[in-house]
Amino acid sequence: MEQVTGTHLDLGGQELKQMIRAALTWLRQHQAAINALNVFPVPDGDTGTNMTLTMTSAWNEIEYLTEDNIGEIAGKVAYGALMGARGNSGVILSQIWRGVARGLDHHARMDVQSLSEAMQRASETAYKGVVKPVEGTILTIIREVAEEAQVAAEQTTDVLLMLERLVRRAKAAEARTPTLLPVLRQAGVVDSGGQGLVIILEGMLRSLQGLSVEELERSVQSAQVVDLSTVDVHGPGMSDNEMLEFDANYPYDVQFIVMGRDYNLDVAAIRASIEAMGDCPLVVGDARAVKVHVHVADPGVAISFGVQQGSLRDVVVENMAEQYEEFIAGRNAARAASLGADSPAVLLEAEPQAIGVVAVAVGDGMEKVFRSLGATAVVRGGQTMNPSTADILEALQTLKTEQAVILPNNKNIIMAAQQAAELSELEVAVVPTRSLPQGIGALLALDQQATLDGNVAAMLRAARDVITGEVTYAVRDVALDEVTVHEGDAIGLLDGTLTAAADTFEEVVRHLLAKIPLDDRELVTLYYGADVSEGEALSLKDELAEAYPALEFEVISGGQAHYPYLFSVE
Amino acid sequence: MGSRVRIITDGVADLPPDVVTRLGIKVVPIHLFIGGHSYRSDTFTDRELLYRSLQDGIGRPQTASPSMHEFVTAYTELANEGATDIIGLFVASNLSGLSGQALLASQQFHGARLHLVETGQVSMGVGLQAIYAANLAAQGAPVAEILPRVQPLAQRTYVMGMLGALEHLRASGRVSWAQAWLGDLLQIKPLITLHLGEARLWGRVRTYRNALLRIISWVREAAPLEHLAVLHTLAPPEILEEFREALLPFVDGNNFWVCEAGPVFLSHIGPTGLGVAAVKAVR
């Protein structure tokens with residue numbers, strides 16, 4: 001039996017709140033380092049950024065709370081993490097918080113027993129959230145932490161001592177991830193999501209120990225963190241996408257959170273009222289707190305309504321008409337024009353649809369392609385900026401159908417899409433498309449007359465029928481899948497597998513095509529990115545058409561960032 | 001001994017010439033106008049000219065129904081060959097005024113009775129119904145027996161296939177929904193069904209191979225079939241052969257035809273296409 005210090009027998013809600021703040025700060029300091037742990041040397045959905053955004057959303061939920069009930073605080077943290085979840089690691093992190101909140105539900109304070117219970121629940125919930133759990137990831141970390149907690153709770157009554165043990169165990173588990181996951185060993189890195197969880201636990205411990213979480217020099221914050229500030233602009237109603245879509249009849253974007261009194265909020269009733277007020281309504285939450293977002297003609301109406309329901313927080317009113325004009329006039333004028341007037345808006349309403357489609361896409365051209373083929377809503381996002389669960393949920397709320405399909409078009413967005421599907425009131429299915437060309441293939445197979453299940457099967461089949469080539473540059477040195485690349489090299493992936501490296505992007509396209517079995521294939525569609533000129537793309541096409549006379553080649557301006565070329569072979 | 005019941009159809013039906021001869025089906029030709037010249041559907045052979053007119057600037061081909069005189073002449077020929085009853089199976093009445101003119105013409109002719117049957121179809125969708133009726137007539141069945149067996153065919157007849165592009169159908173003015181989610185950024189080949197005169201977008205594909213697989217799976221679902229015809233225009237021969245073989249299991253070989261789409265149908269659907277016409281069996 002260890003000696004009881006008596007100082008940390010249990011913790012209250014405000015202590016947890018400080019720990020969350022510390023975890024977030026600590027995570028921000030390590031964000032760039034976690035981003036650098038990407039297994040694939042491609043500019044991919046960054047784990048550090050995604051987890052930081054997820055934790056930021058959790059913190060925003062509790063920032064102003066003076067509540068000292070730890071179950072209450074944990075519930076809010078879980079809710080915030082859920083809404084802000086981005087990327088697979090963010091989604092799993094939100095599941096962990098959901099488990100913690102369940103473990104601490106109805107506990108005013110947390111002792112070693114309830115901490116252990118919270119960890120067990122966190123581990124269970126995290127595993128349940130993943131279709132095929134993979135060891136050597138964040139899942140392994142939380143499972144081992146839960147195991148450690150079970151033992152520790154029997155041996156100490158000091159929460160601080162227990163947390164120290166949990167962090168030590170988490171670090172040991174993290175160090176072992178490369179032995180569990182061959183892909184990590186090959187890349188010579190530890191798992192990035194696991195590392196994020198270790199940092200969060202460590203930040204919480206440091207808060208309890210009274211250590212600073214800001215002592216690291218600011219220089220650690222590299223470009224990744226600077227990016228975050230621009231990225232963060234993207235609140236609901238602020239994305240480029242939505243600004244271009246706003247309805248002139250409802251120029252004000254109103255957002256607020258209603259805090260209920262004594263669990264008295266009726267979410268369904270609030271949603272019905274808000275929906276009646278304007279456009280693009282989003283009402284999510286529970287009896288304690290409801291987040292409202294709506295485009296209205298008069299923001300006063302929405303806000304007065306909110307005040308009648310409870311106390312308001314985080315009220316934001318924006319004049320989208322003004323923003324829109326600025327936006328048009330601003331540096332993105334060209335892009336806005338290309339998306340606005342001539343995008344086939346009329347077509348969107350042309351036929352009544354039974355099944356709405358939410359597609360995640362990056363690049364103006366890509367967005368246009370998806371819209372022209374019948375996507376009802378396009379959520380901006382992709383490789384470097386994974387949309388959150390709430391972003392996707394918001395897009396679902398704009399649909400006028402009972403059923404919907406989500407095309408995540410990126411492997412790192414699939415889980416957030418699934419989370420959004422579960423939270424939505426619609427009947428929603430996720431077709432787990434892993435690339436934009438796969439998404440296009442799937443969308444073409446959509447049949448408005450067929451059932452949702454039938455469509456999902458057909459769309460998945462169609463997606464798998466498409467071979468995807470992705471050409472980008474290496475963000476670091478790596479030897480993976482028998483290809484050795486150096487930072488800055490042009491590299492190519494075939495259906496997600498690193499396959500070729502060369503000096504130029506065009507050469508990579510040639511290498512990739514040479515590796516594809518082309519029997520039965522007819523059509524190659526080349527989507528050139530924002531940094532490639534039409535002329536360059538066309539001359540590459542001409543050259544390929546000559547080399548492969550049996551194939552038909554098509555060139556489309558995709559406008560995607562980071563990927564000079566994406567192509568599909570069908 | 002010639003049958004007393006004869007079948008008449010039009011140049012949209014795309015019946016193979018040998019079938020027309022064998023079953024004694026009367027085909028009233030349709031007029032085509034290309035680049036200022038007039039042609040008849042039954043004697044038109046210059047496919048290159050047709051493709052050119054569909055693809056570039058010499059002007060879209062125009063089509064026109066037969067004249068009253070041509071209908072009356074056709075009826076008279078049949079009557080002279082001993083027909084007392086003529087069953088008319090023409091292009092769907094909602095897509096063309098042709099069957100209305102056939103009826104009008106019959107009022108100026110008294111040598112035999114004309115019985116119009118609505119096909120709701122085009123191309124071999126009409127052709128298969130005509131073959132069905134002509135087979136019964138060739139067996140010597142009386143009109144009172146043939147009509148009740150031919151009239152329900154429309155309900156069971158489908159034309160289904162892929163078009164190389166939708167622009168020709170759109171330009172023909174024959175369908176109003178022809179903007180349905182085909183975009184104009186990517187090359188998309190629509191899959192279309194026609195049933196009871198109503199065209200419907202059934203799917204979208206980007207390659208011949210996928211079109212082939214989708215059509216085969218449509219046929220599999222539609223089976224059992226009484227009659228089946230492959231319809232094609234400019235399809236690569238190897239694809240066509242594969243297609244034919246894949247469809248063989250679904251129909252009796254005696255009721256299976258491979259037809260090249262005729263000039264009238266082509267001028268509405270464009271130069272590339274692959275599909276089937278099918279009459280479902282009574283379940």
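The values are calculated or read from the model by the stated rules, or taken from the named source; none is laboratory data. Just so we're clear, the structure is a prediction, and the values are computed from it rather than from any experiment. Because the Cβ atoms are built from the backbone with ideal geometry, glycine has one as well, and the counts that use them run over all protein chains shown. The accessibility values were calculated without ligands, DNA or RNA, using every heavy atom of the protein model including side chains. Shrake-Rupley method; radii C 1.70, N 1.55, O 1.52, S 1.80 Å.
Per residue of A:136-144, other chain Cβ atoms within 10 Å of the residue Cβ number 0 on average. Pull out a ≥ b ≥ c, the square roots of the eigenvalues of the alpha-carbon gyration tensor of segment A:343-465, then state rounded if a/c is under 1.5, prolate if not and a/b is larger than b/c, and oblate in the remaining case. Rounded, since a/c falls under 1.5.
Taking Cα atoms only, the orientation of helix B:123-138 departs from the longest principal axis of chain B by about 30 degrees. Which of rounded, prolate or oblate describes chain B when judged by the alpha-carbon gyration tensor and an a/c cut-off of 1.5? It is oblate, given that a/c is not under 1.5 and a/b is not larger than b/c. Coupling constants for segment B:154-167 follow from the phi torsions by the Karplus curve (6.51 cos²θ - 1.76 cosθ + 1.60, θ = phi - 60°), and in residue order they are 3, 4, 9, 9, 10, 10, 8, x, 9, 10, x, 7, 8, 4 Hz; glycine and proline get x. Scaling the Cα radius of gyration of segment A:430-478 by the globular reference 2.2 N^0.38 Å produces a ratio of 1.45.
Solvent-accessible area lost on pairing A with B (1.4 Å probe, both sides summed) amounts to about 2100 Å². Per residue, chain B exposes 41 Å² of solvent-accessible protein surface, assessed with a 1.4 angstrom probe and all protein chains in place. Computed with every protein chain present, the accessible area of residue B:21 is close to 110 Å² [probe 1.4 Å]. Rounded to the nearest 10 degrees, the inclination of helix B:208-222 to the longest alpha-carbon principal axis of chain B is 50 degrees.
Just so you know, the Rg over Rh for segment B:155-280 is 0.94, from Cα atoms, with Rh as the Kirkwood radius.
Annotation: residue A:411 carries an accessible surface of approximately 80 Å², with a 1.4 Å probe and no ligand, DNA or RNA atoms counted. Per the Debye formula with a single identical scatterer at each Cα and no solvent contribution, what log10 I(q)/I(0) holds for the protein assembly as shown at q = 0.06, 0.07, 0.09 Å⁻¹? Debye intensities relative to I(0), on a log10 scale: -0.52, -0.66, -0.94. Taking amide H atoms as placed 1.01 Å from N in the peptide plane, the amide H of residue A:289 lies under 5 Å from those of A:260, each 5 or more residues away in sequence or on another chain. For the peptide A:446-452, the mean number of other protein chain Cβ atoms found within 10 angstrom of a residue's Cβ is 2. When the pairs A:132/A:411; A:76/A:171; A:411/A:541; A:400/B:189; A:515/A:541; A:76/A:411 are compared against a 20 Å limit on Cα-Cα distance, A:76/A:171; A:411/A:541; A:400/B:189; A:76/A:411 fall above it.
Give me the net charge for the shell around residue A:86: Cβ to Cβ below 10 angstrom, other residues only, Lys and Arg +1, Asp and Glu -1. Display every interim value, and only then the final one.
Values: positive: none; negative: A:46, A:391.
Counting the neighbours of residue A:86, the net charge comes to -2.
In this structure, the amide hydrogen of residue A:428, modeled 1.01 Å from its nitrogen in the peptide plane, lies closer than 5 angstrom to those of A:404, counting only residues at least 5 positions away or on a different chain. When A:473, A:563 are compared by accessible area at a 1.4 angstrom probe, the order from most to least is A:473, A:563. When each of the peptides A:424-432, A:29-37 is scored by how many other beta carbons lie within 10 Å of its residues on average, the order from highest to lowest is A:29-37, A:424-432. Counting every C-alpha pair in segment A:13-230, the share spaced more than 28 angstrom apart comes to 21%. Report summary: the helix-based calculation at 222 nm, which adds -39500 (n - 2.57) for every DSSP H run with n ≥ 4 and divides by the residues of the protein assembly as shown, gives -14000 deg cm²/dmol. Peptides A:537-547, A:130-140, B:227-237 ranked from most to least packed give B:227-237, A:130-140, A:537-547, packing being the mean of other C-beta atoms within 10 angstrom over each peptide's residues.
Taking 37 °C and 0.692 mPa s as the conditions, I'd like the Stokes-Einstein D for segment A:467-569 in µm²/s, using the Kirkwood hydrodynamic radius from alpha carbon pairs. Please list the in-between numbers first.
Working: Rh = 13.6 Å.
Result for D is 241 µm²/s.
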